[in-house]
Amino acid sequence: MFKPIFLFSLALISGCTTVVIDEYRRSDGELAEGDSVVILGRRHSSEYETEPDLIDCVGKQLHDPDRGVNVIAEKQFVDAMYPWFEPRTAPMHVRSLDRLMENPNVRERMEAYGVKYIVWIDGSTETTASAGSIGCSIGTGGAGCFGFGTWDKESDYEASVWDFRDQELSGKLSADAKGTSYMPAIVIPIPLIARVQNNACKGMAAQLQQFLLPSQATSS
């Protein structure tokens with residue numbers, strides 16, 4: 001069962017966002033010198049796809065060579081491993097890695113990259129509700145807008161951490177972010193945007209770092 005790790009709210013000169021990160025850990029991470037991490041998005045569903053910009057965001061936030069976390073960019077990795085990690089052919093379960101490694105081309109490329117962990121992220125960000133209205137008009141005194149609008153967004157992502165070398169599931173993380181954006185308009189509309197997806201990215205990247213570097217997290 002998932003256990004809540006942390007909850008925080010952001011209310012700046014923007015909309016308000018709440019992020020909850022849950023974690024299930026089967027084993028502690030252990031990155032050695034030369035090891036790499038791959039962050040990939042699941043895109044096999046016909047209903048949605050995990051956004052490439054979210055995957056890119058998590059990868060950039062997590063990448064920290066000074067602390068021993070080397071993240072391979074998703075596009076670079078998928079292109080180099082073509083066609084084995086395309087949406088229709090990518091392994092869906094850890095047990096599929098054993099069969100995949102029977103291919104000498106896959107094995108050689110994975111070893112060349114030094115892949116220790118594959119992190120699969122599945123989910124999306126959606127607008128869940130909206131309210132209010134804004135009207136604009138042009139008159140003899142000039143143009144202007146008046147009104148007030150809001151819209152809610154929710155991000156729901158789950159990350160599965162695969163230990164590639166041991167061919168086992170090390171754990172899972174989930175990020176649930178909700179936020180409301182506002183658009184007051186008195187002459188000029190002023191958007192106050194809740195950065196829901198961005199905050200989900202930062203929360204997940206921070207927890208993945210603690211997951212992959214538990215000894216550093218304990219000593220810091």
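The values are calculated or read from the model by the stated rules, or taken from the named source; none is laboratory data. Fair warning: this is a prediction, and the values are worked out from it, not measured in the lab. Cβ coordinates were reconstructed from backbone atoms using ideal geometry, including for glycine residues, and neighbour counts include every protein chain displayed. Please note that ligands, DNA and RNA were not included when accessible areas were found on the heavy atoms of the full protein model with its side chains. Shrake-Rupley method; radii C 1.70, N 1.55, O 1.52, S 1.80 Å.
Quick notes on this one:
- Taking the chain, the Cys residues with no second Cys beta-carbon under 4.7 angstrom are CYS16.
- Whole-percent carbon and sulfur share, accessible surface of the stretch 105-197, 1.4 Å: 52
- Under DSSP loop assignment and at most 16 Cβ neighbours within 10 Å, longest chymotrypsin sites (Phe, Trp or Tyr not before Pro)-free interval of the chain: 85-220
- Rolling a 1.4 Å probe over the protein heavy atoms gives the chain an accessible area of 55 Å² per residue.
- Along the stretch 89-106 the Karplus relation, 6.51 cos²θ - 1.76 cosθ + 1.60 evaluated at θ = phi - 60°, assigns HN-Hα couplings of 10, 5, x, 8, 9, 4, 5, 6, 5, 4, 5, 5, 6, 5, 7, x, 5, 5 Hz to successive residues, with x for each Gly and Pro.
- For the chain: relative contact order, % (alpha-carbon pairs under 8 angstrom, 6 or more apart): 27
- Among 195-201, 171-177, 126-132, the order from most to least packed when residues are scored by Cβ within 10 Å on average: 195-201, 171-177, 126-132
- P(r) of the chain over all Cα-Cα pairs, binned every 5 Å from zero, in whole percent: 1, 6, 13, 16, 16, 14, 10, 7, 5, 4, 3, 2, 1, 1, 0, 0
- Neighbour-limited loop hits for trypsin sites (Lys or Arg not before Pro), the stretch 58-137 (at most 15 other Cβ within 10 Å; DSSP other than H, G, I, E, B): ARG88, ARG95
- By the helix-only formula, in which each DSSP H run with n ≥ 4 contributes -39500 (n - 2.57) and the sum is divided by residues, the chain has a 222 nm mean residue ellipticity of -7500 deg cm²/dmol.
- Amide H contacts of GLU49: none lie under 5 Å away among residues 5 or more positions distant or on a separate chain (H built 1.01 Å from N in the peptide plane; Pro and chain starts excluded).
- Carbon + sulfur, % of accessible area of the stretch 31-102 - ligands and nucleic acids excluded, 1.4 Å: 46
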